[in-house]
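Structure first, then comments.
The values are calculated or read from the model by the stated rules, or taken from the named source; none is laboratory data. Everything numeric in this text was worked out from a predicted model, so none of it was measured. Cβ atoms come from the backbone with ideal geometry, glycine included; neighbour counts cover every protein chain shown.
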Amino acid sequence: MYIAMKIGKKFKWPTVTELYKSLATFFELLRIISLNTYNIEYYSHIHNHTSFSILSSTIDINSLIQKTIEYDMDAVGITDYGNMMGVFNFINRIKNINESIKKKIKPIIGCELYIEKTDQIYNQVFFAKNKNGYDNLSKLCSHGFIYYSGIPIIGKKLVKKYKANLIAVSGDLNSEIPFTILNKGENEAEKVFKWWHNLFGDDFYIEILRHGLKEEDHVNQFF
């Protein structure tokens, strides 16, 4: 894509309208390439924070679901920090949409909980596999508020107790595995990784994040 357009032997800077049309074509091409290269039609956003993650997200649930429809995704999830207050509205909204349009959207219920270990607090994302998993996730979340200390915190003993029918992921830079990689090295991180994998088995997944941060790139190399 040219910054300036050639007219005869001279170059002319494009007008705003011409530049807009050129950029629109360019980004549409990138979108098509991405669809063909990465099979993005099978991709769904499941690690999302809504406005119920106070001071961390301004996404309202209706807008999130509308974007899911717009991008023709089959599922969408919410994983608010420390609470599941948006779940009722989330489920009801998707239920109403599924009854009114041919395309069906699968709601994925999750929560990003705070786990304390030796005076360090980590973020940990869990997803419910089914109704039993939802019940266990609700119990973990509720326990966090029972021992509330500024934020709802749980311990690993509770994770062991209520792990059934839950999916755990390695998480972002504030989660235990990435934090350990960055601050204590890969040998210690491997021990942490094995703990989570041994506990959840096939229900433990690696989360790869790419936001242009060198810390994320370093963590991704570990996986």
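Annotations for the structure displayed:
- Considering the range 149-165, the residues that are part of a helix (DSSP H, G or I) and basic (Lys, Arg) include one that is surrounded by the most Cβ atoms within 10 Å (Cβ to Cβ), namely Lys156.
- Thr50 vs. criteria assigned to a helix (DSSP H, G or I), surrounded by 15 or more Cβ atoms within 10 Å (Cβ to Cβ) and not small (Gly, Ala, Ser): no
A quick yes/no check of all residues on (1) touching a helix residue (DSSP H, G or I) at 6+ places or on another chain (Cβ under 6 Å); (2) at pLDDT below 95; (3) acidic (Asp, Glu); (4) assigned by TED's automatic domain parsing to the domain that holds Lys67:
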site: Val87; (1), (2), (3), (4): no, no, no, yes
site: Ile101; (1), (2), (3), (4): no, yes, no, yes
site: Ile109; (1), (2), (3), (4): yes, no, no, yes
site: Val125; (1), (2), (3), (4): no, no, no, yes
site: Pro152; (1), (2), (3), (4): yes, yes, no, yes
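- Residue match in the range 87-100 (condition: in contact (Cβ under 8 Å) with a residue 12 or more places away in the chain and part of a loop (DSSP other than H, G, I, E, B)): no
- Residue check for Lys214: at negative phi and exposed (fewer than 14 other Cβ atoms within 10 Å of the Cβ): yes
- Within the range 89-131, considering residues that are closer than 30 Å to Gly155 by Cβ and of a type in the set (S, T, N, Q), the one surrounded by the most Cβ atoms within 10 Å (Cβ to Cβ): Gln124
- Residues of the range 166-210 classified as of a type in the set (Asp, Glu), touching a strand residue (DSSP E or B) at 6+ places or on another chain (Cβ under 6 Å), in a helix (DSSP H, G or I) and more than 16 Å from Lys117 (Cα to Cα), total: 1
- Residue check: Leu35 meets all listed conditions (1) touching a strand residue (DSSP E or B) at 6+ places or on another chain (Cβ under 8 Å); (2) surrounded by 11 or more Cβ atoms within 10 Å (Cβ to Cβ); (3) modelled with pLDDT under 90 but one, namely (1).
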